[in-house]
Amino acid sequence: MAAALLKDPELLILDEPTNGLDPAGMAEMRALIRRLGQGNRTVLLSSHLMNEVEQICDRVGVIHDGRLVAEGRLDELRGEGRLLVRAHPIGEAQRLLSTMKEISSIHAVDGTLHIVVDPSGAARINRELVNAGIAVSELYAERASLESIFLKLTHNGGAENVE
């Protein structure tokens, strides 16, 4: 990498740059890659380590069978905002939330409500529930991992194609 940087390239292509490094070395390499990508240089990172890609990259491309199947900012690939709410009584919480026009949909799953809404509305949602006498024990933004996005885009969830 040092030899490549001596030429001050506009494009730097890295393939698994943290492979073989200890945790401290990995953290230092991630910080270096982020710094290298600032300004007028483009850094293209090829990696199967999804967590690392999430920490480093501001844009992501997913390649499957030699074709680019998706590309964009990670938040674009994740799609709509979602909140998970655990409240009691859950039926009353669902009824109240269904009256809020900013909520696109609500699904009850295993004692929780999964809500399609801009996560910035979490405080208002919490306030409405509490003011209605509903106990909120959990409320957080659900985030699809890059791994789940990758599997969905390349293997319809991945499970049926694992050999």
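The values are calculated or read from the model by the stated rules, or taken from the named source; none is laboratory data. Being a predicted model, the structure only gives us computed values, none of them experimental. No Cβ is skipped: glycine too gets one built from the backbone with ideal geometry, and neighbour counts run over all protein chains shown. When the accessible area is computed, the model is the full protein with side chains, heavy atoms only, and any ligands, DNA or RNA have been set aside. Shrake-Rupley method; radii C 1.70, N 1.55, O 1.52, S 1.80 Å.
Numbers at a glance
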{"item": "Using distinct alpha-carbon pairs, which all enter the 1/r mean, Kirkwood radius of the stretch 76-163 in Å", "result": "14.1"}
{"item": "Sparse-neighbour loop sites [GluC sites (Glu not before Pro); the stretch 73-148; at most 15 other C-beta within 10 Å; DSSP]", "result": "80, 102"}
{"item": "Cα lying deepest toward the dipole's positive end in the chain, options 113, 132, 24, charges on Cβ", "result": "132"}
{"item": "GluC sites (Glu not before Pro) within the stretch 1-54: DSSP coil, no more than 11 neighbouring Cβ in 10 Å", "result": "10"}
{"item": "Solvent-accessible area per residue for the stretch 9-128 (1.4 angstrom probe, square angstrom)", "result": "62"}
{"item": "Modelled label reach - residue 13, point 7 Å along Cα→Cβ, the stretch 22-52 residues with backbone N closer than 11 Å", "result": "44-46"}
{"item": "Once the Cα gyration tensor of the stretch 52-119 is diagonalised, semi-axes √(5λ) in Å", "result": "34, 12, 11"}
{"item": "Directionally averaged projected area (convex hull, Cα atoms, the stretch 104-148), nm²", "result": "4.0"}
{"item": "Average projected area [Cα convex hull, the stretch 82-131], square nanometres", "result": "2.9"}
{"item": "Rounded accessible area of residue 43 (nearest 10 Å², 1.4 Å probe)", "result": "40"}
{"item": "Distance (nanometres) between label positions extended 7 Å along Cα→Cβ at residue 42 and residue 147", "result": "3.0"}
{"item": "Overall dimensions of the stretch 1-88 as given by Cα atoms, namely Rg and Dmax in Å", "result": "16.0, 62"}
{"item": "Two-decimal Rg to Rh for the stretch 33-74 - Kirkwood Rh, Cα set", "result": "0.97"}
{"item": "Relative contact order of the chain, pairs being alpha-carbon contacts under 8 Å that are 6 or more residues apart, as %", "result": "19"}
{"item": "Dipole moment magnitude, nearest 20 debye, the stretch 49-163 about Cα centre, only Lys, Arg, Asp, Glu C-beta charged", "result": "460"}
{"item": "Pairwise FRET efficiency - residue 116 versus residue 70, Cβ, R0 = 22 Å, nearest 0.05", "result": "0.65"}
{"item": "Of the trypsin sites (Lys or Arg not before Pro) in the stretch 20-65, those whose Cβ has at most 14 other Cβ within 10 Å and which sit in DSSP loop", "result": "41, 59"}
{"item": "Fraction of accessible area attributable to carbon and sulfur, the chain (%, probe 1.4 Å)", "result": "50"}
{"item": "log₁₀ of I(q)/I(0) at q = 0.16, 0.19 Å⁻¹ - the chain, Debye sum with one point per alpha carbon", "result": "-0.96, -1.12"}
{"item": "C-alpha long axis of helix 146-155 to longest principal axis of the chain, angle in °", "result": "80"}
